[in-house]
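These notes are about the structure you will find just below.
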């Protein structure tokens with residue numbers, strides 16, 4: 001906020017006039033309205049800085065995919081989505097990242113679901129193969145093709161030489177021509193063939209990270225999950241992100257600092 005009677009600094013003027021800040025202000029103004037899904041809109045801002053935030057002070061983490069599908073064991077049908085799938089670049093260990101912009105959105109039962117899934121990355125891929133193999137129907141064949149490609153590029157899955165060749169040919173075809181409904185059967189067949197040669201070299205556990213408000217109840221529940229399970233579980237709260245934002249390496253340091261402050265005060 002600019003002080004009365006004092007000429008604004010260049011930083012203040014920039015903070016008042018950027019589209020980035022206008023979007024953050026609009027998000028905050030809209031958040032109290034019924035049915036306004038602020039979290040779904042904020043997630044893209046987090047996504048921009050996700051690799052930098054997760055890599056700060058440790059091993060480099062790479063972003064793999066948003067909305068990664070995980071089979072819903074409790075319901076016995078359908079999938080629920082992980083906000084962000086990432087991986088440690090040096091070890092290819094998966095990193096499950098879940099965003100909660102409000103402490104009331106934290107669901108202990110869903111957190112337990114993520115813990116169960118994080119125990120075995122191999123099981124997660126076997127469940128994904130029920131979609132790519134055609135066992136479970138999807139109307140987004142081209143998107144699953146892109147997901148498989150990203151998983152392979154980041155070392156989270158292995159592909160046989162035949163499966164890799166099919167993936168490259170199918171990906172080139174989709175990128176050269178806009179995807180049309182009549183292409184569905186062709187891409188579905190490619191996904192089925194790729195699934196036969198898709199797996200993981202070593203089963204491993206994923207690390208689970210929550211990005212959420214600085215809330216004692218969330219901390220307590222995650223601490224309990226950590227004690228009850230032989231699993232890496234971490235909370236990166238908004239207070240911590242704001243405090244370390246000046247040290248994080250990013251091409252957009254000013255925007256990260258303002259986003260961190262926005263999240264802390266949300």
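FYI, it's all coordinate maths here, none of it is from the lab. No experiment lies behind these values; they were computed from the predicted model shown. Backbone-built Cβ (ideal geometry, glycine too); neighbour counts: all protein chains shown.
Quick look at the values:
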item	result
Residue with peak Gaussian network fluctuation, the chain [Cα springs, cutoff 10 Å], from 166, 42, 53	166
Centroid-to-centroid separation of region 31-46 and region 200-256 [C-alpha atoms, Å]	20
Degrees between helix 19-30 axis and first principal axis of the chain (Cα, 0 to 90, nearest 10)	90
log10 of Debye I(q)/I(0), alpha-carbon scatterers only, for region 36-164 at 0.10, 0.20 Å⁻¹	-0.34, -1.38
Gained length - residue 223 relative to residue 107, 0.36 nm times residue gap less alpha-carbon distance	40.3 nm
Beta bridge orientation in the chain: antiparallel %, DSSP, nearest 5	60
Base-10 log of normalised Debye intensity for region 120-204 (one unit scatterer per alpha-carbon) at q = 0.12, 0.13, 0.16 Å⁻¹	-0.31, -0.36, -0.55
For the chain, calculated [θ]222 nm from helices alone, where every DSSP H run of n ≥ 4 adds -39500 (n - 2.57)	-16000 deg cm²/dmol
Computed E for residue 266/residue 232 - FRET, C-beta separation, R0 35 angstrom, nearest 0.05	0.85
Rel. contact order, % - alpha carbon contacts under 8 angstrom, at least six apart, the chain	19
Ascending count of other beta-carbon atoms within 10 Å, so fewest first, for 117, 112	112, 117
Cα long-axis angle, helix 184-196 against the chain (0 to 90 degrees, to the nearest 10)	80
Between 0 and 90°, nearest 10: helix 108-118 axis offset from the chain longest Cα axis	50
Semi-axis lengths, Å, the chain, gyration tensor of Cα atoms, sqrt of 5 times eigenvalues	36, 23, 18
